[in-house]
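Every read-out reported here was derived from the displayed coordinates using simple, explicitly stated rules and does not represent laboratory data. Keep in mind that what you see is a predicted model, and the values were worked out from it rather than measured. Cβ placement follows ideal geometry from the backbone for every residue including glycine, while neighbour counts extend to all protein chains displayed.
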Amino acid sequence: MQLIFLNMNSPNGKLIPVGGAEDKGTDLEQGLIKRNNLNFFEQGILSRIVDETKHKKLSRIEVITTASTIPTEVGQNYLDAFAKLNCMNVSTMDIRNREDAIQAENIERLKNADAIMFSGGNQMRLTATFGGTEFYSILRERYIHEEGFVIAGTSAGAMAMSNTMIYEGNAANAHLKGAVKVTTGLAFMRDVIFDSHFDKRGRFGRLAQAVAANPSCIGIGLGEDTGLIITKGNYMEAIGSGMILIIDGHNIKTSNIADIADNKPISVENMIVHFLANGNKYFLKERKYVPINEDSYEKTNVE
């Protein structure tokens with residue numbers, strides 16, 4: 001286990017967390033909804049996920065619907081969306097419990113996949129179902145060691161990627177100590193906390209409280225139809241039509257969160273915030289924001 005954590009400093013696979021409600025092309029195709037003026041087939045999140053896989057449109061992609069309470073409907077939506085991209089080697093894994101997770105068929109499918117995508121729903125279902133299983137160990141080992149292997153996740157699937165995971169927290173009460181609950185996630189990344197549906201559901205306060213209580217972590221707020229391509233566990237590129245918000249608590253000067261009682265308002269000084277749009281980069285270890293037109297830092301640090 002210690003060796004795994006050492007290697008996690010620079011994994012060979014890629015993570016693609018998505019904030020939820022990623023445009024799958026269906027609404028735009030029917031002319032019913034124009035979500036953020038996004039041309040799905042040119043800029044869409046799912047097409048970028050396909051492009052990042054080893055064999056592009058020929059890649060074997062498994063969609064895991066464990067987090068959802070309507071797995072059949074959610075799974076079919078993804079199959080239809082990938083089909084619109086001419087990516088046909090896609091199937092769903094309806095793993096509902098730990099017994100399903102350890103079935104030989106599911107283990108074999110995991111071993112043969114080029115990419116895994118976790119759907120939205122309840123992130124606690126993911127940690128409770130996969131934590132400590134052979135399925136999880138294989139998934140984690142493949143992410144660490146295999147170049148080109150992709151783990152993507154939307155909404156709950158994104159929030160579960162980090163070691164520190166928010167599992168509960170009403171945005172309206174997020175300024176009160178104790179209103180935000182955290183636990184251990186799937187730990188594909190350390191020292192970060194993901195939150196999803198960030199702008200639409202007003203979750204700045206809850207991510208800020210999570211960072212104030214865990215200032216060694218960088219908070220990453222993922223807007224809807226927006227995500228990150230994360231390479232080497234460090235280099236992050238914003239994709240999609242919305243906004244990524246970075247909350248850095250490393251330079252906090254004063255905070256009352258350790259001293260006040262539950263349900264009392266928190267106060268924090270010198271929390272740093274960055275906003276990323278499509279094409280912006282951020283280096284996690286260096287805590288470095290990279291403008292879209294700045295290439296020199298990227299060229300010298302990505303490799």
Self-check item: Cross-link pairs Lys200/Lys281; Lys232/Lys285; Lys14/Lys84; Lys200/Lys264; Lys56/Lys232 - those with Cα-Cα distance over 18 Å
Solution: Lys200/Lys281; Lys14/Lys84; Lys200/Lys264; Lys56/Lys232
Quiz item: So, by mean Cβ neighbours within 10 angstrom, what's the order for 223-231, 104-112, 134-142 with the highest one leading?
Solution: 223-231, 134-142, 104-112
Quiz item: Size of the dipole of segment 124-258 about the Cα centre, Lys and Arg at +1 and Asp and Glu at -1 on the beta carbon, nothing else charged, in debye to 20?
Solution: 480
Quiz item: Which listed residue (Ser119, Met271, Thr184) has the Cα farthest towards the positive end of the charge dipole for the chain, taking +1 on Lys and Arg C-beta and -1 on Asp and Glu C-beta about the Cα centre?
Solution: Met271
Quiz item: Taking square-rooted eigenvalues a ≥ b ≥ c of the alpha carbon gyration tensor, is segment 135-174 rounded, prolate or oblate, where a/c under 1.5 means rounded and, failing that, a/b exceeding b/c means prolate?
Solution: prolate
Self-check item: Rough spin-label spacing in nm, given labels placed 7 Å along Cα→Cβ, for Lys264 and Arg287
Solution: 2.7
Exercise. Please compute the Cα-Cα pair-distance distribution of segment 124-225 with 10 Å bins starting at 0, giving whole percents from short to long.
Key: 16, 47, 29, 9, 0
Quiz item: Relative to the Cα centre, what is the charge dipole magnitude of segment 194-243, using +1 at the beta carbon of each Lys and Arg, -1 at the beta carbon of each Asp and Glu, and rounding to the nearest 20 debye?
Solution: 160
Quiz item: For the chain, what is the percent of antiparallel DSSP beta bridges, rounded to the nearest 5?
Solution: 60
Quiz item: Could you list log10 I(q)/I(0) for segment 51-111 at q = 0.18 Å⁻¹, which the Debye formula gives when each Cα is one point scatterer?
Solution: -0.68
Quiz item: Taking a temperature of 37 °C and a viscosity of 0.692 mPa s, what whole-number D in µm²/s does Stokes-Einstein yield for segment 57-185 with Rh from Kirkwood over alpha carbon pairs?
Solution: 213
Self-check item: Per-selection Rg to Rh, the chain - Cα, Kirkwood hydrodynamic radius
Solution: 0.95
Quiz item: Taking a quarter of the surface of the convex hull around the Cα atoms of segment 173-291, what do you get in nm²?
Solution: 7.1
Self-check item: Per-pair calculated FRET efficiency, R0 = 25 Å: Lys181 and Ile252 via Cβ, rounded to 0.05
Solution: 0.75
Exercise. Please find the FRET efficiency linking His55 to Ile138, where r is the Cβ-Cβ separation and R0 is fixed at 22 Å, and quote it to the nearest 0.05.
Key: 0.65
Quiz item: HN-Hα J couplings of segment 213-221 from phi, Karplus 6.51/-1.76/1.60, θ = phi - 60°, integer Hz, Gly and Pro as x?
Solution: 7, 9, x, 6, 9, 8, x, 10, x
Quiz item: How high is the relative contact order of the chain, in percent, with contacts defined as C-alpha pairs under 8 Å that are six or more residues apart?
Solution: 19
Practice problem: Might you report the magnitude of the Cβ-based charge dipole of the chain about its Cα centre, with Lys and Arg at +1 and Asp and Glu at -1, to the nearest 20 debye? | Solution: 400
Quiz item: Taking the highest mean first, how do the peptides 117-128, 266-277 order by number of other beta carbon atoms within 10 angstrom per residue?
Solution: 117-128, 266-277
